[in-house]
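Here the structure is laid out as structure tokens; the discussion comes afterwards.
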Amino acid sequence: MSQDLEKFGMPEEELFAPVDHSDLESEKITAPRYSYWHSVFRVFFKKKINIIILSILALLIAVTYIYPIFVEYDKFGNIMDGTTKHLSPSAAIERLGFSIHWILGTGAAGQSTFDAVWFGSRISISLAFICAAINLTVGVIVGSIWGFSKKVDVFMQEIYNILANIPYILLISVMIMLLKAGFWTMVLALTITGWLGIAYFIRTQVVIIRDREYNLASRCLGTSTLKIAMKNILPFMTSVIVTLAATEI
């Protein structure tokens with residue numbers, strides 16, 4: 001027995017010592033705290049291909065916003081020179097000299113295609129992130145309350161049946177025609193009903209779990225519908241919401 005204790009490197013008194021009994025201490029959970037996001041990131045970053053793809057995506061987004069800050073882009077810069085229009089990369093470099101601006105050739109007005117790509121990407125990515133944030137925020141909140149409250153469900157079902165039958169592209173086209181064409185007009189057109197599909201999907205997920213025992217207990221204790229939806233239901237749908245966010249962007 002003494003030989004078995006030697007491998008621990010501690011005396012017998014330290015290995016076998018009396019412990020004071022405490023009802024309060026006995027109620028504490030000694031297991032490590034579980035973190036959903038820590039678990040997700042640990043699994044995600046185990047694969048090198050995920051890190052590589054994420055790095056490329058981060059680099060593209062960074063260049064999209066940083067490059068236009070240091071470059072002045074004039075889409076009509078060479079419009080008076082007909083020899084600079086629609087040039088291939090090699091022809092543009094030969095005609096205008098070697099520069100990063102001409103490595104993708106020129107466009108219909110003799111402008112740099114390389115610069116046009118990054119300036120256009122900044123608008124597109126900004127539009128994607130802003131619209132996705134608005135649609136997700138409104139859709140998740142409305143969908144949670146919609147699925148949990150039967151009174152709201154009756155009202156929202158009628159709204160969904162009406163708006164869902166309007167072609168999305170037609171609605172966007174009409175909005176652009178009625179309002180002044182611009183960035184925020186496009187945001188309004190893409191979000192005015194864009195949240196409805198997300199809300200209906202979240203509502204379906206909420207209906208599945210709203211009648212579980214802990215939600216019934218919360219309701220009996222007088223917890224508000226909004227609090228039950230935000231605290232009891234939404235945490236179970238984190239993975240679904242993240243997937244919706246990626247799809248929406």
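The values are calculated or read from the model by the stated rules, or taken from the named source; none is laboratory data. Computed from a predicted model, the values in this text were never measured in an experiment. A quick note on method: Cβ atoms are made from the backbone with ideal geometry, for glycine too, and the neighbour counts reach across all protein chains shown. For accessibility, only protein heavy atoms count, side chains too; no ligands or nucleic acids. Shrake-Rupley method; radii C 1.70, N 1.55, O 1.52, S 1.80 Å.
How about the stretch 102-124: which of its residues are out of contact with any Phe, Trp or Tyr (no Cβ under 9 Å at 6 or more places or on another chain), assigned to a helix (DSSP H, G or I) and open to solvent by 40 Å² or more (accessible area, probe 1.4 Å)?
117, 124, listed by residue number.
Can you find, within the stretch 144-167, the residue that is least open to solvent (accessible area, probe 1.4 Å) among those that are in a helix (DSSP H, G or I) and among the aliphatic types (A, V, I, L, M)? Before you say what the answer is, go through the steps one by one.
Start the filter on the stretch 144-167 by keeping residues that are in a helix (DSSP H, G or I), which leaves 144-148, 150-163.
Subsequent filtering for residues that are among the aliphatic types (A, V, I, L, M) retains 145, 152, 154, 156, 159, 162-163.
Numbers: 145: 51, 152: 48, 154: 99, 156: 17, 159: 47, 162: 112, 163: 59 Å².
Per the stated criteria, the residue is 156.
Considering only the stretch 28-52, state which residues are of a type in the set (D, E, K, R) and at pLDDT 75 or above. First the steps, then the outcome.
Step one: list which residues in the stretch 28-52 are of a type in the set (D, E, K, R), which gives 28, 33, 42, 46-48.
Passing the criteria: 42, 46, 47, 48.
When the stretch 200-249 is examined, which residues are found to be within 15 Å of residue 144 (Cα to Cα), of a type in the set (A, V, I, L, M) and open to solvent by 60 Å² or more (accessible area, probe 1.4 Å)?
208, 226, 230
Does residue 6 count as at pLDDT below 75 and either among the charged types (D, E, K, R) or farther than 28 Å from residue 249 by Cα (or both)?
Spelling it out, residue 6 is indeed at pLDDT below 75 and either among the charged types (D, E, K, R) or farther than 28 Å from residue 249 by Cα (or both).
Residues are listed down the side, and each one gets a yes or a no for (1) surrounded by 14 or more Cβ atoms within 10 Å (Cβ to Cβ); (2) in a helix (DSSP H, G or I); (3) modelled with pLDDT under 90:
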{"position": "54", "(1), (2), (3)": "no, yes, no"}
{"position": "78", "(1), (2), (3)": "yes, no, yes"}
{"position": "94", "(1), (2), (3)": "no, yes, yes"}
{"position": "126", "(1), (2), (3)": "yes, yes, no"}
{"position": "130", "(1), (2), (3)": "yes, yes, no"}
{"position": "139", "(1), (2), (3)": "yes, yes, no"}
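Against the conditions (1) over 25 Å from the mean Cα position of the chain (by Cα); (2) under 30 Å from residue 101 (Cα atoms); (3) touching a residue at least 12 places away in the same chain (Cβ under 8 Å), where does residue 181 fall short? Just the number, please.
Every condition holds for residue 181 apart from (3).
Identify the residue in the stretch 189-220 that is under 19 Å from the mean Cα position of the chain (by Cα) and hydrophobic (A, V, I, L, M, F, W, C) and, among all such residues, is nearest to residue 245 (Cα to Cα).
Applying the filter and picking the extreme gives 198.
Exactly one of (1) within 25 Å of residue 183 (Cα to Cα); (2) open to solvent by 40 Å² or more (accessible area, probe 1.4 Å); (3) at pLDDT below 90 is unmet by residue 98. Its number?
(1)
Any idea which of 156, 186 is within 26 Å of the chain's Cα centre (by Cα) and more than 21 Å from residue 132 (Cβ to Cβ)?
Values: 186 fails: more than 21 Å from residue 132 (Cβ to Cβ).
Result of the check over 156, 186: 156.
Report, ordered by the first and then the second residue, all pairs with beta carbons closer than 7 Å, sequence separation of six or more or different chains, a first member in the stretch 153-168 that is touching a residue at least 24 places away in the same chain (Cβ under 8 Å) and within 16 Å of residue 207 (Cα to Cα), and a second member that is hydrophobic (A, V, I, L, M, F, W, C) and surrounded by 11 or more Cβ atoms within 10 Å (Cβ to Cβ).
So the pair list comes out as 153/146; 156/146.
Just checking, which of 88, 99 is more than 34 Å from the chain's Cα centre (by Cα), farther than 25 Å from residue 69 by Cβ and among the hydroxyl-bearing types (Ser, Thr, Tyr)?
Values: 99 fails: farther than 25 Å from residue 69 by Cβ.
Unique residue meeting the criteria: 88.
Each row is one residue, and each column tells you yes or no for (1) open to solvent by 80 Å² or more (accessible area, probe 1.4 Å); (2) part of a helix (DSSP H, G or I); (3) touching a residue at least 60 places away in the same chain (Cβ under 8 Å).
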site: 50; (1), (2), (3): no, yes, no
site: 59; (1), (2), (3): yes, yes, no
site: 63; (1), (2), (3): no, yes, no
site: 68; (1), (2), (3): no, yes, no
site: 74; (1), (2), (3): yes, no, no
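Condition test on residue 176, is it of a type in the set (A, V, I, L, M, F, W, C), assigned to a helix (DSSP H, G or I) and over 23 Å from the mean Cα position of the chain (by Cα)?
For residue 176, the condition - of a type in the set (A, V, I, L, M, F, W, C), assigned to a helix (DSSP H, G or I) and over 23 Å from the mean Cα position of the chain (by Cα) - is met.
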